[in-house]
Amino acid sequence: MEEVIKVIEEFVPKEYAAWLAFYGEPDDSIFRQKVADVMHFAAPDEDVYLGFSRPPDIGEASLLRMKETLARVVPRVLFQVKRYTHPELGELYRAYLSGKFTYSASKYSSILYLARTGSEIRIVSVDGRCISCAGRGSIGEEPCAECGATGWTHAGGRKLTTFGELMEVRKVRPPANPANLTEYESE
Ligand SMILES: [Zn+2]
C-alpha cells in the first residue's frame, strides 16, 4: 500500500505539469516530453488513455483561448485507495482522486487502477465519474443504466469485470464534497 501511495504521489505533480503544458506550452516538443513523463506511469500494454491529445501545430490563438482554463488547473488530490486481490492482476489498487480543475478539487472525479506489471506498479485502467447521473448512480428514482448504478464509467485501459476481494481500505484525505464524504466513510 505504501508503495502505491508513493507512486500516486509521484504521478500527481507530473500529471499537473503535463496539464499546464497542455493548456499553456507553445513548444510542442516540451509538451510531448511532459506527456511522456506522465505516460511512464501507465502500463504499456493496457492502452491507458490519460487525455493528452493536442494538435502538434497548436497556435498562439488556441493557447490564448485556453488561458482561462489554464488558470483553473490544479494538482489532483488523492482521497483513498482500496486494495483487492484480482484473479489475473494479483494485487489491484483503486485510487480515488479529485479532478484537475479548481471546481472539481473537492470531489471524486477519477479512479486510477494500479497493479504490478513487471517490477513496477503502473496504471492499468481509469474510470471517470458518470456524466449521465453526475456520479450519483441514479437518475430520480431509477438506477442509472449508463454506469450500472455505480456512478463510474470506464475511461481507458483494461476493462475490468471484477475487482476481486476487497482486502484493505486506506483513507488518505476526506473529500469536502458532502455526497462523496458519505461514500468515503461508507467502506
Ligand atoms: Zn451513471
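Read-outs: derived from the displayed coordinates by stated rules, not from any lab. Nothing here was measured: the structure is a model prediction, and the numbers come from that model. Counting neighbours? That spans all protein chains shown, and the Cβs are built from the backbone with ideal geometry, glycine included.
Remarks
- Other residues lying with their Cβ under 13 Å from the Cβ of VAL12 contribute a combined charge of +1, Lys and Arg counting +1, Asp and Glu -1.
- Chain lengthening between GLU146 and SER186 when straightened (0.36 nm per residue, less Cα-Cα): 12.1 nm
- Positive-end residue of GLY156, ASN177, THR85, charge dipole of the chain with Cβ unit charges: ASN177
- Sparse-neighbour loop sites [trypsin sites (Lys or Arg not before Pro); the range 32-73; at most 16 other C-beta within 10 Å; DSSP]: ARG72
- Helix 2-24 and the longest principal axis of the Cα set of the chain meet at an angle near 30°.
- Positive minus negative residues near PRO55 (Lys, Arg vs Asp, Glu; Cβ under 15 Å): -2
- Dipole size of the chain about its Cα centre, with +1 on Lys/Arg Cβ and -1 on Asp/Glu Cβ: approximately 400 debye, rounded to the nearest 20.
- For the chain, the longest principal axis of the C-alpha atoms and the axis of helix 28-39 are separated by about 10°.
- Highest mean packing first, where packing is the average number of other Cβ atoms within 10 Å per residue, the peptides 15-22, 161-168, 119-126 line up as 15-22, 119-126, 161-168.
- Local net charge near PRO44, Cβ-Cβ under 11 Å (Lys/Arg +1, Asp/Glu -1): -3
- Among the GluC sites (Glu not before Pro) in the range 30-119, those placed in a DSSP loop whose Cβ has at most 13 other Cβ atoms within 10 Å are GLU88.
- Cross-link partners of LYS100 among aspartates and glutamates (Cα-Cα below 15 Å; sequence separation of 8 or more within a chain): GLU9, GLU15, GLU68, ASP127
- FRET efficiency, ARG72 to GLU3 (Cβ-Cβ, R0 30 Å, nearest 0.05): 0.40
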